[in-house]
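In what follows, a single structure is set out as structure tokens and then discussed.
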Amino acid sequence: MDIVADSSTLILLAKVTLLKTFAEEKKLIITPMVKLEVFRKKEQEDAQIISTLLREALILQSERKAKFQKFVSDFNIGVGESEALAFAWNEKKILATDDWRAIKACKILGVKFITAIHCLLYLVEKGKLDKKMAVAKLKNLEKCGRYNSDIIKDAKNIIEGDNNG
């Protein structure tokens, strides 16, 4: 299934050098507002990584407009998150977000969502990362993201579990 990504998850995955690997596995779509947010600081390394993946068509930009303004006020989320949420909701797609307000909105609207940690665990499950590398990436996500310590602990237990090779 296609995944609509907002800037929070794109940037986190780029910072920990998982975005390309994940984009090779799953079709990632961004909206115009997400692209604007990502390229606001185009000199940043994460923006350059995302730009390259757009050029290589590993990340696709949707040309369809989604009406998102109501989500900005209803859920107190930014325009990029709102547009990505509206697009995912309208198109019945999964939203990749690490924005806690957007996650709350997903729960209210019944939109399936994933976070950067879910992406990491998916790559482990598919054998794209070994345990040692996955634990290192998780530590990087912990530094870059705003994750509850229980979430980090649970993810580490999943990575180090017997059923992950």
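Exactly one residue among Arg55, Arg64 is basic (Lys, Arg), in contact with a helix residue (DSSP H, G or I) (Cβ under 8 Å, 6 or more places away or on another chain) and at negative phi, and that residue is Arg64.
Quick check on Thr17: is it under 13 Å from the mean Cα position of the chain (by Cα) and assigned to a loop (DSSP other than H, G, I, E, B)? Taking the combined requirement at face value, the residue satisfies it. Among the conditions (1) among the β-branched types (Val, Ile, Thr); (2) loosely packed, with under 15 Cβ neighbours inside 10 Å; (3) not in a loop (DSSP other than H, G, I, E, B), Ile50 misses just one, which is (2).
May I ask you to verify whether Ile77 is assigned by TED's automatic domain parsing to the domain that holds Glu24 and closer than 15 Å to Ile3 by Cα? Criteria not met by Ile77. Remark: pairs (first residue in segment 73-94, in contact (Cβ under 8 Å) with a residue 40 or more places away in the chain and assigned to a helix (DSSP H, G or I); second residue buried (at least 19 other Cβ atoms within 10 Å of the Cβ) and of a type in the set (S, T, N, Q); Cβ separation under 6 Å; 6+ apart in sequence or on different chains) = Gly80/Ser7; Glu83/Thr31; Ala84/Thr31; Phe87/Thr31. Residues that are in a helix (DSSP H, G or I) and touching a residue at least 60 places away in the same chain (Cβ under 8 Å): does segment 96-103 have at least one? There is at least one residue in segment 96-103 that is in a helix (DSSP H, G or I) and touching a residue at least 60 places away in the same chain (Cβ under 8 Å). Scan segment 149-163 and tell me whether some residue there is surrounded by 16 or more Cβ atoms within 10 Å (Cβ to Cβ), touching a residue at least 24 places away in the same chain (Cβ under 8 Å) and in contact with a Ser or Thr (Cβ under 6 Å, 6 or more places away or on another chain). So far as segment 149-163 goes, no, none of its residues is surrounded by 16 or more Cβ atoms within 10 Å (Cβ to Cβ), touching a residue at least 24 places away in the same chain (Cβ under 8 Å) and in contact with a Ser or Thr (Cβ under 6 Å, 6 or more places away or on another chain). Of all residues in segment 116-165, exactly one satisfies the criterion of being modelled with pLDDT under 95, assigned to a helix (DSSP H, G or I) and within 14 Å of the chain's Cα centre (by Cα), namely Cys144. Restricting attention to segment 130-148, the residues that are surrounded by 14 or more Cβ atoms within 10 Å (Cβ to Cβ) and within 20 Å of Ala96 (Cα to Cα) total 9. In segment 84-94, the count of residues that are touching an Asp or Glu at 6+ places or on another chain (Cβ under 8 Å), buried (at least 18 other Cβ atoms within 10 Å of the Cβ) and modelled with pLDDT under 95 is zero.
For every residue, the table says whether it meets (1) more than 19 Å from Gly145 (Cβ to Cβ); (2) modelled with pLDDT of 95 or more; (3) small (Gly, Ala, Ser).
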{"position": "Leu10", "(1), (2), (3)": "no, yes, no"}
{"position": "Ala14", "(1), (2), (3)": "no, yes, yes"}
{"position": "Lys20", "(1), (2), (3)": "no, yes, no"}
{"position": "Glu25", "(1), (2), (3)": "yes, yes, no"}
{"position": "Leu28", "(1), (2), (3)": "no, yes, no"}
{"position": "Glu37", "(1), (2), (3)": "no, no, no"}
{"position": "Glu43", "(1), (2), (3)": "yes, no, no"}
{"position": "Ile49", "(1), (2), (3)": "no, yes, no"}
{"position": "Leu53", "(1), (2), (3)": "yes, yes, no"}
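Taking the criterion of being in the same structural domain as Leu95 (by TED's automatic domain parsing), among the aromatic types (Phe, Trp, Tyr) and touching a residue at least 24 places away in the same chain (Cβ under 8 Å), would at least one residue in segment 6-29 satisfy it? There is at least one residue in segment 6-29 that is in the same structural domain as Leu95 (by TED's automatic domain parsing), among the aromatic types (Phe, Trp, Tyr) and touching a residue at least 24 places away in the same chain (Cβ under 8 Å).
The values are calculated or read from the model by the stated rules, or taken from the named source; none is laboratory data. These numbers were taken from a predicted model, which means no experiment stands behind them. Virtual Cβ from ideal backbone geometry, glycine too; neighbours counted across all protein chains shown.
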